[in-house]
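The values are calculated or read from the model by the stated rules, or taken from the named source; none is laboratory data. Computed from a prediction, not measured in an experiment: that's the story for all the values here. Positions of Cβ are backbone-derived with ideal geometry, glycine not excepted, and every protein chain shown enters the neighbour counts.
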Amino acid sequence: MRFSIVFTTDARDDLRLFRKGERTKIINAIEEHLSHDPAHETRNRKRLRPNQMAEWELRVDKFRVFYDIEESAHLVKVEAVGYKRGSRLLIHGEEYQQ
């Protein structure tokens with residue numbers, strides 16, 4: 001079953017902070033990894049501990065895609081896109097505190 005992928009306004013704004021090549025890489029990874037069975041944990045895709053942002057994380061090199069899944073609607077909702085700088089996670093251009 002194929003899942004539809006939607007981006008929140010915040011996630012769209014996050015993507016605009018990256019260069020075109022980085023955006024393309026992130027979007028391609030989202031389509032490849034999240035359109036089929038997005039709730040299946042893999043090396044680069046995992047369920048997160050309860051937090052304010054999202055239930056799931058997809059790693060794409062230094063980038064992190066945070067998303068929620070609505071199984072009944074076959075929908076993946078991308079909530080935010082950030083990146084790691086060392087051990088720090090930056091989202092919306094600022095360090096994210098959990």
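Within segment 38-61, being assigned to a loop (DSSP other than H, G, I, E, B) and surrounded by 12 or more Cβ atoms within 10 Å (Cβ to Cβ) holds for P38, A39, N44, L48, M53, A54, E55, D61. Just a yes or no: is a residue in segment 32-42 within 19 Å of L90 (Cα to Cα) and either polar (S, T, N, Q) or in contact (Cβ under 8 Å) with a residue 40 or more places away in the chain (or both)? Checked segment 32-42: no residue is within 19 Å of L90 (Cα to Cα) and either polar (S, T, N, Q) or in contact (Cβ under 8 Å) with a residue 40 or more places away in the chain (or both). A Cβ distance below 6 Å, combined with a sequence gap of six or more or placement on separate chains, defines the contacts here; from segment 46-73, residues that are under 17 Å from T9 (Cα atoms) reach residues that are aromatic (F, W, Y) and surrounded by 11 or more Cβ atoms within 10 Å (Cβ to Cβ) in the pairs M53/F66; A54/F66; A54/Y67; Y67/W56. Taking the criterion of being under 17 Å from Y83 (Cα atoms) and either of a type in the set (D, E, K, R) or exposed (fewer than 11 other Cβ atoms within 10 Å of the Cβ) (or both), the residues of segment 17-37 that qualify are R19, K20, G21, E22, R23, K25. Scanning segment 51-61 for residues that are under 15 Å from Y96 (Cα atoms) and more than 10 Å from the chain's Cα centre (by Cα) turns up N51, Q52, M53. Based on this model, can you work out whether I5 counts as surrounded by 14 or more Cβ atoms within 10 Å (Cβ to Cβ), of a type outside the set (S, T, Y), in contact with a Pro (Cβ under 9 Å, 6 or more places away or on another chain) and modelled with pLDDT of 95 or more? Spelling it out, I5 is indeed surrounded by 14 or more Cβ atoms within 10 Å (Cβ to Cβ), of a type outside the set (S, T, Y), in contact with a Pro (Cβ under 9 Å, 6 or more places away or on another chain) and modelled with pLDDT of 95 or more. Restricting D68, D14, D10 to residues that are part of a strand (DSSP E or B), acidic (D, E) and either out of contact with any His (no Cβ under 8 Å at 6 or more places or on another chain) or surrounded by 13 or more Cβ atoms within 10 Å (Cβ to Cβ) (or both) narrows the list to D68.
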